[in-house]
Amino acid sequence: MAAMSGLDIVIQVLTFTMVFVGVLVAQRTIASISAVRRRLGDSAKPMPQQARSVVRSDTVRNRFLLWVQATTASGGPQEANKLRRELSLAGFEQPTAPVWYVIIRFSLAIGLPLLMIFGPALFGRTIGGIGAIVFPLVLCGLGLVAPHAFVNNRAEARRVQMEQEFPDALDLLVVCVEAGLGLEAAFVRVTAEVATSHPRIAEEFGRMSAELTAGRGRAEALRAMSERVSVDSINSFVALLIQTDALGVSIAQSLRTYSSEMRQSRFLKAEEKAMRIPVLLTVPLVACLMPVIIVALLLPPIIDLMRTLGPALAHTPGAGP
C-alpha cells in the first residue's frame, strides 16, 4: 500500500514536471513568433504622417453644407478665419469643421429647449409656472456655450500635451543633429522614433517634414507649424531655427543651448508646482483637521464642566422647615 502511494506521488510529480516544461516551451515559442511578427509588421507598416496628404482641399463640396455656410456667414471673413483657427488648434482641421460646428451649436440651442418642453408631455407631465420659461432659456444658452467650451478645453489640452512632449523630442533632435544628420533628416528620424510615445508632436514634425519634401521652404514650413500648434516653446524653437539659418550659426550648438534652457525651464516649473503644495494643503488641513483637533482638545474639559456644574445647576433649593 505504501509502495503504491509512493508510485502515485512519483507519477504525479513527473506529470506536473512534463506539463510545466511543455507550457514553458510553448510560451517561449509563441513569444518569439509574436516578436518576429511584430518586427515584420512595424517594418511594413507606413508611418502615420505618410498616410496624410500634404496637398489638401480647403473647399466644401456638399450642397447642404454649402447652404449652411452661406446662410450663417454673417460675421465676415475675419470671423470665419478666427473660427477655423480655433477649430484647427483643437485638432479639427477638416474644411467642413466650421460648418459642422455651427450646425451642432444651433441644433443644441434649439433641440435642448424643445426636448425640455415636449419631453415631459410624452410621459403625461407638464412643466408650469416660471420654470416653463426659465429652463428652456437656460438650456438654449447652454447649447450655445457648450460647443465653444468644448473646443477651448480640447485646444488647451492639446497645447498642454504638446508642451510636455516637445522637450523629449527636442533632446532626440539634438542627438540626431550632433550625430551628423541634416535638419530635415533629423525631423524624419525623430518623427519615426516618437510616433508611439509622443503622437501629437510626431504628427506635427511629420507634417512639416512632408512639406519640406514637397518643396516648401524651411522657414515657411517652420512658420506654418508654429501657427498650427500655437505653443510658446515651439514658437521660440521656430524663431531660433529661422534666425540660426539666416545668420549661418551652427544648428547643433544652437539646439544644444536651447535644449539646456528647456530642461532648466521644466525643472523650474516642476519646482514651482512643488512649492505650491504646502499652500494648497492649507485649505484641507484647516477645513478638515482643525475642527477634529479642536473637538478632541475641548471635549474632555466640556464633559468635566458638565459633570461638575450640571448637578449644581439642576438643584433648586427649597424653603426651610
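The values are calculated or read from the model by the stated rules, or taken from the named source; none is laboratory data. Please read all numbers here as calculations on a predicted model, not as lab measurements. Glycine gets a Cβ as well: all are built from the backbone with ideal geometry, and neighbour counts include every protein chain shown.
Scan segment 171-203 residue by residue and report those that are more than 21 Å from Arg263 (Cβ to Cβ) and either surrounded by 20 or more Cβ atoms within 10 Å (Cβ to Cβ) or within 20 Å of the chain's Cα centre (by Cα) (or both). If you could, list the steps in order and put the result at the bottom.
Let us first name the residues in segment 171-203 that are more than 21 Å from Arg263 (Cβ to Cβ), namely 180-182, 184-185, 188, 191-192, 195-196, 199, 203.
Passing the criteria: Val188, Thr191, Ala195, Thr196, Pro199, Glu203.
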Scan (1) over 29 Å from the mean Cα position of the chain (by Cα); (2) modelled with pLDDT under 85; (3) in a helix (DSSP H, G or I) for the single condition Lys269 breaks and write down its number. (1)
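Residues checked against (1) surrounded by 15 or more Cβ atoms within 10 Å (Cβ to Cβ); (2) modelled with pLDDT under 80; (3) acidic (Asp, Glu); (4) under 25 Å from the mean Cα position of the chain (by Cα):
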residue: Leu87; (1), (2), (3), (4): yes, no, no, yes
residue: Phe92; (1), (2), (3), (4): yes, no, no, yes
residue: Ile103; (1), (2), (3), (4): yes, no, no, no
residue: Ser107; (1), (2), (3), (4): no, no, no, no
residue: Gly119; (1), (2), (3), (4): no, yes, no, no
residue: Leu122; (1), (2), (3), (4): no, yes, no, no
